[in-house]
Ligand SMILES: Cc1cc2nc3c(=O)[nH]c(=O)nc-3n(C[C@H](O)[C@H](O)[C@H](O)COP(=O)(O)OP(=O)(O)OC[C@H]3O[C@@H](n4cnc5c(N)ncnc54)[C@H](O)[C@@H]3O)c2cc1C
Ligand code: SF4
Ligand code: FES
Ligand code: FES
């Protein structure tokens, strides 16, 4: 059993492909670690209570609200934030689609929306517009860009389905 | 958040040893405990991170589903066997929280999540559940989301889980392990009514860990539904929810199970009312009568009076959906 007094605890995290050895207090959330210690401010602190989705990142490929995760509990994990989605300067298809469909106004919710949508596509449970709405309901947008957000995701979902069909 | 020590046991035995400290708290997905720690409602001296315990498997053997305490709500809901044979459970889980919360939330944590009563979350107010003996601010206060059944003069809070409402209908068993060894708790006896001890949500003893939840295969085929009514269409706690299941043979009801969420300190079942359906025809007038029966002792607190009528109608609607074999779709929110 690993046992720690309330002091700094050594952990290792791979963030956007880069490995970090860190020493952190057990009360630091993953969101605060990303923003305050690793200067990755893409993931946003909207509510800090699991209620808005602005802090959504991918942990070992799964979308999760980073504000409710204590970083120590994710020792050894691979984290992808919005900063890590683009591939060698090439925008992720969701990023390109959000631009194409004008799927934001202020942009505050956008990193969380896009990470969440990346998780949604990887899950493979979403096949219709109604399901996009439902499976994106964990991401609030105070500007109300929902229609265009759903359009952007639907576009990528459909082109992926078409690619899959063509391959078969 | 307060300052605390942190341990990360690898075995259930080590976790139980660590949890012997009365100021220790187990941490699973963290979606409720971390939230409550931020509000200073939970102030553990020791956080026991149980995520390395070997409690992550979903086993199906014959007619039994056994779910490890650390299985995530998402993995459980989307498991092919659960989708095929326990669809009521899948439906209720998918009606709750959001996909990213369900990815983190665990089976054990879902059972042990605490009430969403506003005063419980606000340490500057009186709340018997948070600070026993301090009073209940919700009585005579803001109580739109509060209980209409089984409340006490000490507490009128509700248990907020969706999954637990389905588990009540499915007749699950909670497997626990503690300093005194292992035991099994029938689901109906797991959560409790507030009485004069609202600080106790359930019958888990201090230092006990949930290890698994076991669920028998249901006998109701497609005659089930999970109907959840709330202030917005998604990502909101239930004002009222109903899990309903009917066994129908030759046009009459052979057996019925009905559990309500959002109305009491525990998922609410009324076995007598369920039994009154036996031998009856599955028709609206019968469903309306049983709904009235279930709500016969309901009591509003003012702001939540509307829940009595809402619950009555929701039960009748849920039974009609179950009878028709048309379970509520959790994406397309049209209520049939
Ligand atoms: C914004 C928001 C919306 C939500 N909406 C819904 C909803 O609509 N419907 C719904 O049902 N839920 C909803 N939830 C609640 C969510 O389902 C719970 O927070 C989650 O299920 C808790 O699981 P966890 O693993 O994260 O628990 P944790 O936060 O890790 O733990 C919760 C409690 O359980 C204890 N614990 C955990 N596992 C064990 C174990 N194995 N043995 C002993 N003790 C244990 C912990 O000590 C703690 O006291 C919502 C939550 C949020 C933040
Ligand atoms: S209803 Fe229960 S939880 Fe809410 S203030 Fe009263 S005692 Fe506290
Ligand atoms: S900041 Fe995490 S959900 Fe709002
Ligand atoms: S674009 Fe402003 S909050 Fe979504």
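A few remarks follow.
- Condition check for residue B:332: closer than 30 Å to residue B:32 by Cβ, touching a helix residue (DSSP H, G or I) at 6+ places or on another chain (Cβ under 6 Å) and within 14 Å of chain A (Cβ to nearest Cβ): yes
Listed here are the residues, each with its yes/no results for (1) touching a strand residue (DSSP E or B) at 6+ places or on another chain (Cβ under 8 Å); (2) over 18 Å from residue B:74 (Cβ atoms).
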{"position": "A:72", "(1), (2)": "yes, yes"}
{"position": "A:97", "(1), (2)": "no, yes"}
{"position": "A:101", "(1), (2)": "no, yes"}
{"position": "A:117", "(1), (2)": "no, no"}
{"position": "A:128", "(1), (2)": "no, yes"}
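- Meets criteria (surrounded by fewer than 19 Cβ atoms within 10 Å (Cβ to Cβ) and more than 16 Å from ligand 3 (Cβ to nearest atom)) for residue B:24: no
- Subset of the stretch B:190-236 (residues that are within 26 Å of residue B:56 (Cα to Cα) and within 16 Å of ligand 3 (Cβ to nearest atom)): B:235
- Flag for residue B:143 being outside any helix (DSSP H, G or I) and either within 16 Å of ligand 2 (Cβ to nearest atom) or within 14 Å of chain A (Cβ to nearest Cβ) (or both): yes
- If you go through the stretch A:65-96 and pick out every residue that is within 16 Å of ligand 3 (Cβ to nearest atom), within 13 Å of chain B (Cβ to nearest Cβ) and either touching a residue at least 24 places away in the same chain (Cβ under 8 Å) or surrounded by fewer than 20 Cβ atoms within 10 Å (Cβ to Cβ) (or both), you end up with 8.
- Taking the numbered list (1) within 14 Å of chain A (Cβ to nearest Cβ); (2) under 16 Å from the mean Cα position of the chain (by Cα); (3) free of Cβ contacts under 8 Å to residues at least 40 places away in the same chain in turn, residue B:100 passes all entries but (2).
- Residues of the stretch B:29-45 that are under 21 Å from residue B:102 (Cβ atoms), crowded, with 20+ Cβ neighbours inside 10 Å and either without any contact (Cβ under 8 Å) to a residue 60 or more places away in the chain or within 16 Å of ligand 4 (Cβ to nearest atom) (or both): B:34, B:35, B:37.
- Single unsatisfied condition, residue B:176 versus (1) at pLDDT 95 or above; (2) surrounded by fewer than 20 Cβ atoms within 10 Å (Cβ to Cβ): (2)
- Failed criterion for residue A:36 (all others in (1) within 14 Å of chain B (Cβ to nearest Cβ); (2) over 16 Å from the mean Cα position of the chain (by Cα) hold): (1)
- Matching residues in the stretch B:128-163 - criterion: being touching a helix residue (DSSP H, G or I) at 6+ places or on another chain (Cβ under 8 Å) and either surrounded by fewer than 24 Cβ atoms within 10 Å (Cβ to Cβ) or more than 20 Å from residue B:304 (Cβ to Cβ) (or both): B:163
- Check on residue B:231, assigned by TED's automatic domain parsing to the domain that holds residue B:298 and over 15 Å from the mean Cα position of the chain (by Cα): yes
- Filtered residue count, the stretch B:46-69, keeping only those that are more than 12 Å from chain A (Cβ to nearest Cβ), surrounded by 18 or more Cβ atoms within 10 Å (Cβ to Cβ) and either within 18 Å of residue B:113 (Cβ to Cβ) or out of contact with any strand residue (DSSP E or B) (no Cβ under 9 Å at 6 or more places or on another chain) (or both): 4
- Residue A:117 vs. criteria in contact with a helix residue (DSSP H, G or I) (Cβ under 8 Å, 6 or more places away or on another chain) and more than 10 Å from chain B (Cβ to nearest Cβ): yes
- Test: residue in the stretch B:241-255 that is assigned to a loop (DSSP other than H, G, I, E, B) and crowded, with 19+ Cβ neighbours inside 10 Å: no
- Of residues in the stretch B:128-140 being within 21 Å of residue B:203 (Cβ to Cβ) and either more than 14 Å from ligand 1 (Cβ to nearest atom) or without any contact (Cβ under 8 Å) to a residue 12 or more places away in the chain (or both), the one farthest from the other protein chains (Cβ to nearest Cβ): B:132
The values are calculated or read from the model by the stated rules, or taken from the named source; none is laboratory data. Keep in mind that this is a model prediction, so the values were computed, not measured. Because the Cβ atoms are built from the backbone with ideal geometry, glycine has one as well, and the counts that use them run over all protein chains shown.
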